Amino acid sequence: MHRTGKKLAVIAGAFALTIGLASHSAGDPDENSLAIEGETIVTDVKAPADSPLEHLYSGWRFRASETQSLQTDDFENPGMVAVEQAIDQFAMVDGSEGKACADCHADVSDFKGLRPNLPRWDEAKSKPETLEHIINECRTERMGAKAWKWEAQEMLNMTALIGLQSRGMPVTVETGGPMASVWEKGKELYYTRVGQLDMSCAHCHENNYGKMIRADHLSQGHINGFPVYRLKWGGLGSIHRRFKGCMQNIRATPFKRGSDEFIALELYVASRGKGLSVEVPSVRN
Amino acid sequence: MKITRRKAMALGTAGALFAVFGSRINRAHASAEEIDAALKAFAEGAEIGEGQVSLTTPEIAENGNTVPISVEVDSPMTEDNHVKSVMVLADGNPNPEVITFNFTAASGVATAKTRIRLAKTQNVIAVAKMSDGSVHMAKNQVKVTIGGCGG
Amino acid sequence: MASKPRVKVPKKAKAGDIITIKTLISHKMESGQRKNKKGEKIPRKIINRFAATFNGTEVFSADIDPAVSANPYLEFRVKVNESGTFKFLWVDDDGSEYTTEKKITVG
């Protein structure tokens, strides 16, 4: 509930700066550990050998205790409302084939293990696919239903429900084979300065995580909790929505949701979080 | 004008304020008179005392869209002696009213939790009315950080 | 998306226990303060009242204003002396009412 005077000073300092990063180091991730409904969630892990980071921290560790507590109890997690809606959607017939998701997938828990490996290579289409693609492929090719938009409520509900099945499993996304070139492209985007502020992802999330950017505590920018319930949004949002928001903040022209650029960035950013637990649906500020 | 100035000042980000109350605000915040009037109407002539009410709020809210608050009022909660209601006000919002909890002797304990919207740093006020008509108040300041990152 | 209430009530309790009830309903809680892209005011549409009854008697209620967050969450206590049924009611500005029930066994 109560923050230390030191943290207050940091925040006051951050207010004093209109643009740029506060040079304090007092905002390191906290020491709290996360268990959801009795299940341990890995929120920090030694980074893999090839990582530019030494230690990985989930974004949860950078949040205030009030925000953290919203994720520790599935009843209090407002993102779980979307999951319940998705359970209804899963059983609902939609499209010309008269099928519901449940007609082919008897139990949604069959999707356990899918979320940690996304995005992945789609052999048939010879391109990378995200969870949104997988869901829409089912809808358009097997159900005869209309594709959902990337940020449609139905899509967010469903990505939350499917992601939840893997909660607690480590992110293990594949970066070799046909995904290697996608990963390289994502890496290049990650380190490329863009926008009027001339910043790359790395300036905030690699070089300055733990510090305050104005009134906000910078995380390492992992995506293991998406779709995320953001207090600011008052609802769930996709990984690509977050990317778009970041790009707007540095006054760049954002790529589109579902674009090749954001898919490549999704793969690269996912790979930076290998070993952290899937936390879907996470809660952030 | 407001929009332009804000945009120029902010790091390209729409703060919590925008999300809650849109990009323009009709009134900056509730007037002191409005708060007084709301308190007087609730107290129904009783003098408003301190104590007995404990209000828990974060010192700093990470986002003004969702600020967890809880109130607890010290009372035996019997038929003869219980808390009837607790009104919560926020003196820096466009309208001061937030929520009123109505308790009964069957509540056992007069406590409730919810999540509220705060447009900016301001005082949250909880005022409790007892079955004997007496009224007690607690007030906490909550600092609301605006300019959180990300769209 | 239709509003969907969620309620958490213990299944069992001892007579005289004071139990904790948690409720959450999915709702945008449009405050009436926001404007759309054309600058037109978005009309207020909120859940304005919540009530809980136990075996037909009201035990707790709340009068809700637009300053309550989206997906309104309420947590409160009730002293239970007998088995019975809780009924929960949320009232929308548009007149819609959302309800749900939970049973509790008191031994």
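The values are calculated or read from the model by the stated rules, or taken from the named source; none is laboratory data. It should be emphasised that the depicted structure is a prediction, and the values quoted were computed from it without experimental measurement. Here Cβ is always computed from backbone atoms with ideal geometry, including for glycine, and neighbour counts include all displayed protein chains. Calculation scope for accessible area: heavy atoms of the full protein, side chains included, ligands and nucleic acids excluded. Shrake-Rupley method; radii C 1.70, N 1.55, O 1.52, S 1.80 Å.
Brief remarks follow.
- Test: residue in segment A:160-167 that is of a type in the set (Lys, Arg) and open to solvent by less than 40 Å² (accessible area, probe 1.4 Å): yes
- Residues being surrounded by 19 or more Cβ atoms within 10 Å (Cβ to Cβ), among the small types (Gly, Ala, Ser), under 30 Å from residue A:214 (Cβ atoms) and more than 7 Å from chain C (Cβ to nearest Cβ) - total across segment B:59-116: 3
- Considering only residues in segment A:60-82 that are within 10 Å of chain C (Cβ to nearest Cβ) and assigned to a helix (DSSP H, G or I), the one that is surrounded by the most Cβ atoms within 10 Å (Cβ to Cβ) turns out to be A:82.
- Pair list, Cβ < 7 Å and 6+ apart or interchain, from segment B:70-94 residues that are touching a residue at least 12 places away in the same chain (Cβ under 8 Å) to residues that are surrounded by fewer than 17 Cβ atoms within 10 Å (Cβ to Cβ) and of a type in the set (Lys, Arg): B:94/B:27
- Restricting attention to segment B:115-151, the residues being modelled with pLDDT of 95 or more and β-branched (Val, Ile, Thr) number 6.
- Subset of segment A:26-48 [more than 21 Å from residue A:73 (Cα to Cα), modelled with pLDDT under 85 and open to solvent by 90 Å² or more (accessible area, probe 1.4 Å)]: A:28
- Some residue of segment C:54-66 being surrounded by 17 or more Cβ atoms within 10 Å (Cβ to Cβ), within 14 Å of chain B (Cβ to nearest Cβ) and of a type in the set (Ser, Thr, Tyr): yes
- Here residue C:33 meets each of (1) open to solvent by 20 Å² or more (accessible area, probe 1.4 Å); (2) touching a residue at least 60 places away in the same chain (Cβ under 8 Å); (3) under 25 Å from residue B:68 (Cα atoms) with one exception, condition (2).
- Among helices (runs of 4 or more DSSP H) entirely within segment A:105-201, having at least 3 residues that are among the polar types (S, T, N, Q) singles out A:153-164.
- Residue that is nearest to residue C:84 (Cα to Cα), among those in segment C:1-19 that are open to solvent by less than 50 Å² (accessible area, probe 1.4 Å), touching a Phe, Trp or Tyr at 6+ places or on another chain (Cβ under 8 Å) and in a strand (DSSP E or B): C:7
- Inclusion of residue C:101 among residues that are acidic (Asp, Glu) and away from chain B (no Cβ under 14 Å) is warranted.
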